[in-house]
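Engineer: First, the structure itself, so that you have it in front of you.
The values are calculated or read from the model by the stated rules, or taken from the named source; none is laboratory data. Just so it is clear, the structure is predicted and the values come from calculations on it, not from any experiment. No Cβ is skipped: glycine too gets one built from the backbone with ideal geometry, and neighbour counts run over all protein chains shown.
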Amino acid sequence: MMKMVFILGMIALLIGCDSIQKDEFVITGTISSYPKEVLICAYQRNGDFVLDTIRVENGKLSYRTKLQEPVVASLVSRDPHNVIPSGMGVVPGPSITLFMEPGTKLEINMDNARWPELQWKGGAWNNDLMKLYAKTLPLEYEAFALLHKLYAPGVTENEKAALGERRMALVEKVKEEKIVFIKGNPSSYAAMYLLSGMRNDFTLEDYAATFTSFDQKLREMPLGKELQKTIDIALRTEVGAIAPNFEKMDKDGNTVRLSDYRGKYVLLDFWGSWCSPCRDSHPHLKEIEAKYRDKGLVVINVASESGAKAREIWLKAIEEDGMTWTQILNNEGKDKCDMVREYAITAFPTKVLIDAEGKIIVRAVGESEPVDAKLKEIFGE
């Protein structure tokens, strides 16, 4: 009898060790050829950024945490080979998006030599993602391998150009596979999550139609409601719409309102000190401002910064770039007027040209050519 009790107790103990509580998320599995003792699991919880460690012992993964609700996380390698040294520091390798769902276990199997390729199973959302990852992660591995070659010493400019073209073709293929997955899985939360990060890869009409095609229960989830708000705002700020009025303070403490410039053309330049393409565009923006200021064009820069020293960093960048016209820091007074949200800005730099009647006539993401063409049409040479 005592022996039977002992055996039953051991079975209960073993089951308990492997069981998952309804508020727990667990990662197990294997990773070969990995030289470090941990992987990084990065995510946000209750507004705080969390960096957790997934233990790697003899190639086996071990991680367990408690969650009240699902969160999106990034799996990040600490292998030095999975970053690329450059003149500006390092170019990080690809991370892997995963869903941490309470009450589930994710079993991962991967060979670090081909990071970020993997196989996994566990939880409906992650299982959906795996259908996509089977196609995209091998492409991301190839693209990162090309990036290694591109940054290698002694590579000629012609070789860099060729490697860059091959890499961009792979990046484009990854994007195409994501779009196919999104449109082909209207019942998948994973597909809706991917859609939320790809606004600039769809026309607004196609983006809205794709979102509408998702199951109603998905659209009624918090992410779905947020996406609907984003679409509604975007529809109100498309070309042809009346630009939202705003009231902000400039860097010198003066009140700036869009309505005060009625009768003039206004060019809003959304940027950040951290955004290299934004900064690279400023010499040309200076030329535009000087060329058309006396013809009725007002340029207003709207910056987005982060951290305790946001204002200091912003002012330094303004001085470095020699911008002498109206400058707004969106962070300041953001609770009352968030211009990035009101103008549906999803990428930097974005330029919005508003005509004398307050109507949006150009939205340009990343490029200045559409703005240049319209200004030439309006003002001539």
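Quick grid of which residues meet (1) among the small types (Gly, Ala, Ser); (2) assigned by TED's automatic domain parsing to the domain that holds Val365:
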residue	(1), (2)
Val180	no, no
Ser196	yes, no
Asp201	no, no
Ala209	yes, no
Arg219	no, no
Gly224	yes, no
Lys229	no, no
Lys251	no, yes
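Engineer: Restrict the check to segment 235-257 and report whether at least one residue is of a type in the set (A, V, I, L, M), within 23 Å of Pro186 (Cβ to Cβ) and surrounded by fewer than 17 Cβ atoms within 10 Å (Cβ to Cβ).
Structural biologist: Taking every residue of segment 235-257 in turn, at least one turns out to be of a type in the set (A, V, I, L, M), within 23 Å of Pro186 (Cβ to Cβ) and surrounded by fewer than 17 Cβ atoms within 10 Å (Cβ to Cβ).
Engineer: Go through (1) modelled with pLDDT of 95 or more; (2) in a helix (DSSP H, G or I); (3) in contact with a helix residue (DSSP H, G or I) (Cβ under 8 Å, 6 or more places away or on another chain) for Ser187 and report which single condition fails.
Structural biologist: (2)
Engineer: Considering every residue within segment 372-379, establish whether at least one is under 22 Å from Asn200 (Cβ atoms), buried (at least 18 other Cβ atoms within 10 Å of the Cβ) and touching a strand residue (DSSP E or B) at 6+ places or on another chain (Cβ under 7 Å).
Structural biologist: We begin by selecting, within segment 372-379, every residue under 22 Å from Asn200 (Cβ atoms); these are 372-374.
The next check asks that each one be buried (at least 18 other Cβ atoms within 10 Å of the Cβ); those that pass are none.
No.
Engineer: May I ask you to list the residues in segment 24-54 that are surrounded by fewer than 13 Cβ atoms within 10 Å (Cβ to Cβ) and in contact (Cβ under 8 Å) with a residue 40 or more places away in the chain?
Structural biologist: Of everything in segment 24-54, those that are surrounded by fewer than 13 Cβ atoms within 10 Å (Cβ to Cβ) and in contact (Cβ under 8 Å) with a residue 40 or more places away in the chain turn out to be Ser32, Pro35.
Engineer: Quick test for you: out of Leu129, Leu139, Leu170, pick the one residue that is within 20 Å of His81 (Cα to Cα), part of a helix (DSSP H, G or I) and touching a helix residue (DSSP H, G or I) at 6+ places or on another chain (Cβ under 9 Å). Write out each step before concluding.
Structural biologist: Numbers: Leu129 fails: within 20 Å of His81 (Cα to Cα); Leu170 fails: within 20 Å of His81 (Cα to Cα).
On inspection, the qualifying residue turns out to be Leu139.
Engineer: Sticking with this one: For segment 1-116, give me every one of the strands (runs of 3 or more DSSP E) that falls completely inside it and has 3 or more residues that are at pLDDT below 90.
Structural biologist: 83-86, 89-92
Engineer: Go through (1) under 30 Å from Phe49 (Cα atoms); (2) in a strand (DSSP E or B); (3) of a type outside the set (Ser, Thr, Tyr) one by one and return the number of the condition Arg341 breaks.
Structural biologist: In the conditions (1) under 30 Å from Phe49 (Cα atoms); (2) in a strand (DSSP E or B); (3) of a type outside the set (Ser, Thr, Tyr), Arg341 misses (2) alone.
Engineer: Something else about it: Would you point out the residue of segment 130-178, among those that are surrounded by 13 or more Cβ atoms within 10 Å (Cβ to Cβ) and of a type in the set (Ser, Thr, Tyr), that is farthest from Phe99 (Cα to Cα)?
Structural biologist: Here the answer is Tyr151.
Engineer: If Gly263 passes every condition in (1) surrounded by fewer than 19 Cβ atoms within 10 Å (Cβ to Cβ); (2) over 20 Å from Ala356 (Cα atoms) but one, which one does it miss?
Structural biologist: (2) is the only condition that Gly263 fails.
Engineer: For segment 312-359, name all the residues that are exposed (fewer than 15 other Cβ atoms within 10 Å of the Cβ) and more than 30 Å from Leu235 (Cβ to Cβ).
Structural biologist: Hits for segment 312-359 are Glu312, Lys316, Glu319, Glu320, Gly322, Thr324.
Engineer: Quick one: is Leu118 touching a residue at least 24 places away in the same chain (Cβ under 8 Å) and buried (at least 20 other Cβ atoms within 10 Å of the Cβ)?
Structural biologist: Considered against the rule, which asks whether it is touching a residue at least 24 places away in the same chain (Cβ under 8 Å) and buried (at least 20 other Cβ atoms within 10 Å of the Cβ), Leu118 comes out as no.
Engineer: Here is a follow-up. Could you please find all residues in segment 190-222 being at pLDDT 95 or above, under 16 Å from the mean Cα position of the chain (by Cα) and among the aliphatic types (A, V, I, L, M)?
Structural biologist: Within segment 190-222, Ala190, Ala191, Met192, Leu194, Leu195 qualify.
Engineer: Output the number of residues of segment 106-115 satisfying the condition of being closer than 16 Å to Arg64 by Cβ and surrounded by 20 or more Cβ atoms within 10 Å (Cβ to Cβ).
Structural biologist: 2
Engineer: Need a quick list: strands (runs of 3 or more DSSP E) entirely within segment 203-301 having at least 1 residues that are out of contact with any Gly (no Cβ under 9 Å at 6 or more places or on another chain), of a type in the set (D, E, K, R) and in contact (Cβ under 8 Å) with a residue 12 or more places away in the chain.
Structural biologist: Filter on segment 203-301 gives 255-257, 265-271.
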